[in-house]
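Below: one structure, written as structure tokens.
Taken together, the values in this text are just the output of simple stated rules run on the coordinates, not laboratory data. Everything quoted here is computed from the prediction, not taken from an experiment. Cβ placement follows ideal geometry from the backbone for every residue including glycine, while neighbour counts extend to all protein chains displayed.
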Amino acid sequence: MSPKISEFALSTGGSTVVAMRRAADALEAKGMSIVDFGVGEPDFDVPPPVKEAALKAIQDGNGKYVDPAGLPELRNAIVQYEQSRHGVVASADAIVVTNGSYGALSTIMRAVLDPGDEVLVIEPCWGPYRQMVRLSGAVPVGVAMPTIEGRFIVESDRIAAAVTPRTRAIIVNTPWNPTGRVLSRDELTGIAGIAEEHDLWIIADEVYGELVYEGSEHVSIASVSPDAAQRTVIATSLSKSFAMTGWRLGYCIAPESLAPVLTKINHITTRCAASIIQFAAIAAFEQGLPFVEEMRDIYAQRRNAVARGLNQIEGVVCPLPEGTFYALAQIPESWGGSRQVAESLLNETGVILTPGSAYGASCEHYLRLSFATSLEIIEEGLGRLRHALPPA
Ligand SMILES: Cc1ncc(COP(=O)(O)O)c(C=O)c1O
């Protein structure tokens with residue numbers, strides 16, 4: 001028998017999205033055609049200037065270790081981009097370049113959490129938050145949010161009620177996976193007020209910050225007040241905005257007192273993010289934005305088609321997503337739990353949807369649909385669902 005495995009590691013769970021995809025792969029191997037509305041990954045290719053910059057970096061021999069905080073030119077490009085696009089004012093010393101936002105989030109958690117600390121996780125939430133908190137030895141505390149007409153909102157009283165003397169941080173995700181919401185300035189100000197009152201860190205996941213549609217505006221919680229700027233650590237990446245998921249390039253924006261600690265942890269755990277990709281990322285910020293606009297326009301058409309199609313199914317309520325590339329559809333309780341509904345839909349129709357239960361108990365009667373796929377595939381999948389779903 002092998003020696004004991006870490007309790008923190010054993011307390012983490014697996015990914016529902018991956019489990020659904022594996023089940024679909026088994027059906028596909030038997031000949032079933034699969035429509036994948038599960039995976040949260042852009043179907044677009046990387047902008048050409050980014051590819052060219054990566055090739056040039058290889059040809060120029062730029063494949064050496066770089067500063068664990070990131071290339072100075074990249075950190076300067078991030079400063080410009082964040083200020084002009086999201087109103088986040090930070091110096092290059094506040095930026096730490098990481099391996100995607102997974103890398104940013106886990107680095108931040110190691111930097112601010114001690115074993116036994118509690119972290120408030122606004123639910124519904126992206127599953128890995130809870131797992132990353134556990135891996136740091138801390139305790140995730142889910143705070144279920146209410147809905148208005150099927151649309152989740154952040155009610156700060158619920159967050160305030162969950163604060164204990166052990167609470168150390170709140171995780172805030174806007175644009176919000178899986179809900180498709182973009183949090184309003186009022187919602188963010190409410191959260192920031194609680195953090196100020198109880199002296200908490202705000203861990204702000206802004207990975208969908210570029211994917212915001214007409215009528216909504218992405219506001220960074222770091223920008224709502226001078227106090228919020230001092231206690232917010234932003235985690236974000238180029239994965240969703242520039243269609244660079246596999247390139248694994250993200251960054252933290254931290255108060256300057258915290259940034260050296262993040263750099264130290266990034267150094268100990270990864271040495272630095274891949275140098276070639278850091279050179280490519282400079283091109284993304286300097287030349288990639290027109291491609292981001294193009295992708296956003298196409299996502300906007302898809303979200304309209306998805307919300308319209310889902311609302312045409314009897315019993316299903318799907319608010320128009322304000323941001324991200326996810327639609328979150330409420331289903332009748334009479335259909336049963338979301339996991340069971342998603343599994344039987346996969347088996348009957350070959351359509352992969354993510355059960356709401358993956359995002360917390362408050363999301364049990366919901367299904368998440370990723371529209372990071374073509375309009376043709378969206379119409380095909382919706383057609384299959386319309387035929388298969390029972391009347392409400
Ligand atoms: C809310 C959220 N945060 C972070 C990530 C991680 O993205 P990456 O590490 O590719 O930047 C994802 C990916 O699906 C996500 O949905």
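Under the simplified labelling scheme, the Met32-Ile153 pair shows an inter-label distance of 3.9 nm, with each label point 7 Å from Cα along Cα→Cβ. Gain on full extension, evaluated as 0.36 nm per residue between Glu197 and Asp227 minus their Cα-Cα distance, stands at 9.7 nm. Backbone N atoms of the stretch 11-26 closer than 13 Å to the 7 Å Cα→Cβ label point of Thr270 are not found in any residue. Listing Met295, Met1 from fewest to most neighbouring C-beta atoms within 10 Å gives Met1, Met295. Counting only DSSP H runs of at least 4 residues, each contributing -39500 (n - 2.57), and dividing by the residue count of the chain, the helix-based mean residue ellipticity at 222 nm comes to -13000 deg cm²/dmol. If only the Cβ of Lys and Arg carry +1 and only the Cβ of Asp and Glu carry -1, the dipole of the stretch 49-287 around its Cα centre is close to 860 debye. Rounded to the nearest 20 debye, the dipole size of the stretch 38-160 about its Cα centre is 200 debye, using +1 on the Cβ of Lys and Arg and -1 on the Cβ of Asp and Glu. For the pair Gln301 and Lys4, label points projected 7 Å from Cα toward Cβ lie 5.9 nm apart. Where is the GNM fluctuation largest for the chain (alpha-carbon springs, 10 angstrom cutoff): Val224, Val121, Val133? Evaluated over the chain, the most mobile residue of the options is Val224.
With neighbours defined as other Cβ atoms within 10 Å of a residue's Cβ, the residues Val18, Val97, Val261 order from fewest to most as Val18, Val261, Val97. Mind pulling the angle between the C-alpha long axis of helix 289-311 and the longest principal axis of the chain? Nearest 10 degrees, somewhere in 0 to 90. Compared with the principal axis, the helix lies near 30 degrees. Projecting the Cα atoms of Tyr208, Tyr326, Ser237 onto the dipole axis of the chain, where Lys and Arg carry +1 and Asp and Glu carry -1 at the beta carbon, places Ser237 farthest toward the positive end.
Normalised by the number of residues in the stretch 49-287, the average gap of Cα pairs under 8 Å and 6 or more apart makes the relative contact order 30 percent. In the elastic network of the chain, a GNM with C-alpha springs shorter than 10 Å, the most mobile of Glu123, Glu41, Glu314 is Glu314. Sparsely packed loop sites in the stretch 99-204 (the GluC sites (Glu not before Pro) outside DSSP H, G, I, E and B with at most 11 other Cβ atoms within 10 Å) comprise Glu149.
Taking 0.36 nm per residue of separation and subtracting the current Cα-Cα distance, fully stretching the chain between Glu286 and Asn76 would add 74.5 nm. Rounded to the nearest 10 degrees, the inclination of helix 259-270 to the longest alpha-carbon principal axis of the chain is 70 degrees.
Give the lysines reachable from Lys4 as a straight Cα distance under 29 Å; neighbours fewer than 8 places away on the same chain don't count. Those lysines meeting the cut-off are Lys264.
Once fully extended, how much extra length lies between Thr189 and Lys51, figured as 0.36 nm per residue of separation less the alpha-carbon to alpha-carbon distance?
45.8 nm
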